[in-house]
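Report on the following structure.
The values are calculated or read from the model by the stated rules, or taken from the named source; none is laboratory data. Remember, it's a predicted structure, so these values are computed and weren't measured experimentally. The protein model used for the area step is the full one, side chains on, heavy atoms only, and it has no ligands, DNA or RNA in it. Shrake-Rupley method; radii C 1.70, N 1.55, O 1.52, S 1.80 Å.
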Amino acid sequence: LESCNTYPDFTTIGATWKAARAFGIITFVLAFIMLLIACISGCVSISITNEGYALTHVWEAPMYGLTAICQGLVLLLLSSNACNSNVLTGLGGPSLSNVSFEDTCSISTGAKLVI
């Protein structure tokens, strides 16, 4: 991108839009932490006597599930005023002049993969 564009002054960011943004951040943080833990746990012994290495921990599956749920909740954006009003159409400026937005948001390929 050549530059950043701010939202117009009349834009109201609703609760579902804020929630979708928050869940996007939570998803990124959880995924990064899980990646670090997965990389480190392969090198760390599970016992002092070095009898073996852990392939997984009991808490990992629920954390992956929580990360997936948070990623799914990012789809709250589809019901926010970001999609229901024409806020996105005025943000492009000259750099996005050839991009067209539909009147309403709908689930596309990426969102179907999240589900």
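Residue ranking by accessible heavy-atom surface, 1.4 Å probe, largest first, among VAL74, VAL29, VAL58 comes out as VAL58, VAL29, VAL74. Fully extending the segment from VAL58 to ILE37 would add 6.3 nm, taking 0.36 nm per residue of separation and subtracting the current Cα-Cα distance. The fraction of all Cα pairs in the stretch 1-41 landing in successive 5 Å bins from 0 to the largest distance is 5, 18, 12, 16, 17, 13, 9, 7, 3, 1, given as whole percents. These residues, THR12, THR6, go from largest to smallest accessible area, 1.4 Å probe, as THR6, THR12.
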